[in-house]
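Here's the structure, in structure tokens; my notes come after.
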Amino acid sequence: MVLPLHPRTKKALEKHNLWDKFKSIKNLIYTDSLGYLDFMKLVTNSKIVITDSGGIQEETTFLQIPCLTVRENTERPITIEMGNNELVQLNASLISKRMIEKLKSDQKGTIPPLWDGKSTERILETLSTS
């Protein structure tokens, strides 16, 4: 498991005397925050993504990488409708259970209509006929 760690998260772990315990988690690789391209390379090579971010839900849907979003709601419901993303409560047992189920499943979500990388062409066509 790879965790890009935001500097505020590290400070919070240190503040609450959890940094040493965190560093000792077996099979956890943590990195500093990553730039977008490095982060997307990491995502592209992932079997599953667990996040609390909004934007990453879209990227994983487009890449058809299963995603568990640790939030109560999303401003990107199409990612759930397409079957790639799932909202999950902040509960370690539940997250672990759903992660294992998703990894064992061959089921992939679908890419939403119009998420085909051709939006620029459609915009230019619309603008040129206006």
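The values are calculated or read from the model by the stated rules, or taken from the named source; none is laboratory data. What you are looking at is a predicted structure, and each value in this text was computed from that prediction instead of being measured. Reconstructed Cβ throughout: ideal geometry from the backbone, glycine too, with neighbour counts over all protein chains shown.
See the values below:
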read-out: Residues being part of a loop (DSSP other than H, G, I, E, B) and among the hydrophobic types (A, V, I, L, M, F, W, C) - total across region 95-130; value: 3
read-out: Residue tally, condition in contact (Cβ under 8 Å) with a residue 40 or more places away in the chain and assigned to a helix (DSSP H, G or I), over region 58-73; value: 2
read-out: Options Asp52, Asp106; residue that is surrounded by fewer than 12 Cβ atoms within 10 Å (Cβ to Cβ), charged (D, E, K, R) and either within 14 Å of the chain's Cα centre (by Cα) or at positive phi (or both); value: Asp52
read-out: Residues within region 74-94 that are part of a helix (DSSP H, G or I) and either of a type in the set (Phe, Trp, Tyr) or touching a Ser or Thr at 6+ places or on another chain (Cβ under 7 Å) (or both), tallied; value: 2
read-out: Only one of Val70, Val88 that is of a type in the set (A, V, I, L, M), out of contact with any Asp or Glu (no Cβ under 8 Å at 6 or more places or on another chain) and surrounded by 11 or more Cβ atoms within 10 Å (Cβ to Cβ); value: Val88
read-out: Leading residue by the ranking (farthest from Glu101 (Cα to Cα)) among those in region 38-57 that are assigned to a helix (DSSP H, G or I) and in contact with a strand residue (DSSP E or B) (Cβ under 9 Å, 6 or more places away or on another chain); value: Asp38
read-out: Residue within region 23-37 that is without any contact (Cβ under 8 Å) to a residue 60 or more places away in the chain, touching a helix residue (DSSP H, G or I) at 6+ places or on another chain (Cβ under 6 Å) and outside any loop (DSSP other than H, G, I, E, B) present; value: no
read-out: Unique residue being at pLDDT 95 or above and polar (S, T, N, Q) when the list is Asn91, Asn27; value: Asn91
read-out: Filtered residues of region 1-49 (kept if among the basic types (Lys, Arg), in contact with an Asp or Glu (Cβ under 9 Å, 6 or more places away or on another chain) and exposed (fewer than 11 other Cβ atoms within 10 Å of the Cβ)); value: none
